[in-house]
1. Does anyone have the angle between helix 141-154 and the longest principal axis of the chain? Alpha-carbon axes, 0 to 90°, nearest 10?
2. If we count other beta carbons within 10 Å of each Cβ, what is the order of 142, 107, fewest first?
3. Against the longest principal axis of the chain, how steep is helix 111-133, in degrees 0 to 90 to the nearest 10, with axes from Cα atoms?
4. For the chain, modelled as a Gaussian network with Cα springs under 10 Å, which listed residue fluctuates most, 98, 90, 135?
5. What is the angle, in °, between the Cα long axis of helix 3-24 and the longest principal axis of the Cα atoms in the chain? Nearest 10 is fine, range 0 to 90.
6. If packing is taken as the average count of other Cβ atoms within 10 Å, what order do 47-53, 174-180, 230-236 fall into, highest mean first?
7. Determine the distance separating the Cα centre of region 159-210 from the Cα centre of region 216-240; give it in Å without decimals.
8. Can you sort 66, 86 from fewest to most other Cβ atoms within 10 Å of each residue's own Cβ?
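Bear in mind these aren't lab numbers, they're just calculated from the coordinates by the rules spelled out. Just so we're clear, the structure is a prediction, and the values are computed from it rather than from any experiment. Neighbour counts run over all protein chains shown; Cβ positions are idealised from the backbone, glycine included.
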């Protein structure tokens with residue numbers, strides 16, 4: 001996907017998340033996010049958007065502060081807090097080129113990292129909010145396909161490092177268009193190739209369901225599974 005498409009997705013997904021948050025109410029639980037409420041979700045997303053906006057605007061060599069340190073309102077104002085955050089983020093991203101240098105917490109230190117990361121994170125959290133409100137809509141197919149690839153791209157940089165294994169393999173296959181990943185869990189992390197291949201377990205389904213399963217949002221049984229389902233369940237549960 002292009003930088004501009006990610007910016008458009010931020011506007012679209014941000015508006016949908018805010019609508020779902022208003023529908024559910026700030027005290028409503030979000031079962032797909034542990035013990036979080038809608039207010040907690042809005043706090044998380046709203047702070048991330050402001051932190052990312054500041055980084056892109058100022059382009060520091062290293063970020064000053066951390067998103068968790070930002071102040072947030074309380075109660076129903078949290079919904080306005082998230083509703084007022086995604087627009088400025090999209091605006092500052094739209095005014096910059098994807099290849100312009102910018103700090104990030106990965107080795108891809110460009111503005112394009114932020115448009116891609118924030119679009120993908122926002123899509124999953126929009127789904128969380130809509131799920132809490134009772135009417136979750138699937139993630140746009142092109143964004144979901146990119147989100148699966150991006151998940152693998154950022155794994156080495158996430159807290160705790162990538163999952164490891166002893167050569168186990170996972171094959172993911174989109175049934176609503178192109179998209180295949182053969183994932184190998186090695187002692188030092190994950191290797192991924194975009195090709196068809198036989199894995200210890202294979203999961204087939206729409207791109208949105210595959211992405212949501214890999215992020216632990218929907219159960220493995222929601223997909224068509226062949227082979228060792230427990231391997232996917234361990235991934236989805238964050239136990240690999």
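1. Orientation of helix 141-154: about 80 degrees from the principal axis.
2. Ranking 142, 107 by Cβ neighbours within 10 Å, fewest first, gives 107, 142.
3. Compared with the principal axis, the helix lies near 90 degrees.
4. Taking springs between Cα atoms under 10 Å, the residue moving most is 135.
5. The answer is roughly 80 degrees.
6. Per-residue Cβ counts within 10 Å, averaged per peptide and sorted highest first, yield 47-53, 230-236, 174-180.
7. Computed from Cα coordinates, the inter-centre distance equals 11 Å.
8. 66, 86
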